[in-house]
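The values are calculated or read from the model by the stated rules, or taken from the named source; none is laboratory data. Keep in mind that this is a model prediction, so the values were computed, not measured. Don't worry about glycine lacking a Cβ; one is built from the backbone with ideal geometry, like all the others, and counts go over all protein chains shown.
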Amino acid sequence: MRAVNTAECHYFSSKEADNEFLHKLLVSVNKRFFQNRIKTNVLWDVPKGTVSLFIGERGPLFHPGDELYSVFATARTLIEAGQPHSAIPHLEACAAANHADSKLLLSHILKRIGDDRWQKFAREYNQQTATVRAVPAACYYSDSRTIAIHPHLQELNTPQFVLKYLLYHECCHQLIPSPLEQAHPPEFMEWERKAPNRERALAWLEKQGFPTLRTTHAP
């Protein structure tokens with residue numbers, strides 16, 4: 001088990017809820033992980049825009065070798081062959097295992113043949129894949145080279161390791177420019193996965209209701 005640096009677990013005091021405090025953390029992160037290559041400002045400010053926060057229940061993903069993987073594959077083959085009726089029992093078996101895509105296909109097929117059960121599967125699929133729009137905990141603005149950290153974190157007794165993770169993540173956005181169609185390209189993720197205390201920070205943010213890379217539907 002990794003020893004925890006107690007300084008990383010320090011919380012806010014009233015005098016630390018200012019931009020100077022954030023700047024000191026940024027300087028520390030920049031020096032330690034980026035060799036002072038990052039040129040950016042940081043401030044307490046509500047990030048502009050929202051992201052899709054996943055609030056549904058993730059179902060299973062079938063992999064080759066799984067029993068239901070072949071069952072779902074058979075259903076897809078039957079549908080593509082113009083035999084959707086024959087695919088229904090296979091899809092029902094997968095849906096019983098909480099497989100979202102099977103529920104979606106079932107709702108379409110059953111609606112087409114006038115079977116009222118389509119509403120049940122459509123409702124379950126919608127609940128399982130539900131998202132809401134949420135404001136992220138932090139954001140990087142490339143035009144002004146500024147990192148915004150949500151001021152609500154001042155009120156949540158936020159550990160410093162969470163703030164350092166957020167700063168590291170946003171610094172990665174300056175280091176690895178992201179195209180509009182892909183906010184977190186593979187090269188970005190190679191750097192991002194090296195963030196300090198990443199898993200602990202993600203878990204803390206998710207517990208507080210903030211969207212993270214693990215809970216958002218983002219490009």
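Observations on the model:
- When Arg198 is tested against (1) free of Cβ contacts under 8 Å to residues at least 24 places away in the same chain; (2) in the same structural domain as Asn157 (by TED's automatic domain parsing), only condition (1) is not met.
- Enumerated strands (runs of 3 or more DSSP E) restricted to the range 115-171, each holding at least 3 residues that are in contact with a Leu (Cβ under 8 Å, 6 or more places away or on another chain) and surrounded by 16 or more Cβ atoms within 10 Å (Cβ to Cβ): 146-149
- Residue within the range 62-72 that is more than 30 Å from Ser142 (Cα to Cα) and of a type in the set (D, E, K, R) present: yes
- In the set Arg32, Arg2, only one residue is under 27 Å from the mean Cα position of the chain (by Cα), among the basic types (Lys, Arg) and modelled with pLDDT under 95; that residue is Arg2.
- Within the range 165-194, being in contact with a Pro (Cβ under 9 Å, 6 or more places away or on another chain) and among the polar types (S, T, N, Q) holds for Ser178, Gln182.
- Among residues that are within 30 Å of Gln154 (Cβ to Cβ) and of a type in the set (Val, Ile, Thr), Thr40 is included.
- Some residue of the range 182-192 being closer than 18 Å to Arg37 by Cα, acidic (Asp, Glu) and in contact with a strand residue (DSSP E or B) (Cβ under 8 Å, 6 or more places away or on another chain): no
- Lys48 being in the same structural domain as Tyr141 (by TED's automatic domain parsing), of a type outside the set (A, V, I, L, M, F, W, C), at pLDDT below 95 and at negative phi: yes
- Test set (1) without any contact (Cβ under 8 Å) to a residue 24 or more places away in the chain; (2) in the same structural domain as Tyr140 (by TED's automatic domain parsing) - Ile38 fails condition number: (1)
- Output for the range 20-49, where each listed residue is part of a loop (DSSP other than H, G, I, E, B), closer than 17 Å to Ser142 by Cα and not aliphatic (A, V, I, L, M): Arg37, Lys39, Thr40, Asp45, Pro47, Lys48, Gly49
- Count - residues of the range 172-211 that are of a type outside the set (A, V, I, L, M) and part of a helix (DSSP H, G or I): 15
- The set of residues in the range 50-102 being part of a helix (DSSP H, G or I), in contact with a Ser or Thr (Cβ under 8 Å, 6 or more places away or on another chain) and buried (at least 19 other Cβ atoms within 10 Å of the Cβ) consists of Phe72, Ala75, Ala87, His90, Leu91, Cys94, Ala95, Ala100.
- The residue of the range 85-107 that is nearest to Gln127 (Cα to Cα), among those that are of a type outside the set (Gly, Ala, Ser) and more than 26 Å from the chain's Cα centre (by Cα), is Leu106.
- Residues of the range 172-207 satisfying the condition of being under 20 Å from Gln160 (Cα atoms), under 14 Å from the mean Cα position of the chain (by Cα) and not small (Gly, Ala, Ser): Glu192, Arg193, Arg198, Glu199, Leu202, Trp204, Leu205, Glu206, Lys207
- Subset tally (residues that are more than 27 Å from Leu213 (Cβ to Cβ) and in contact with a His (Cβ under 6 Å, 6 or more places away or on another chain)) for the range 50-106: 3
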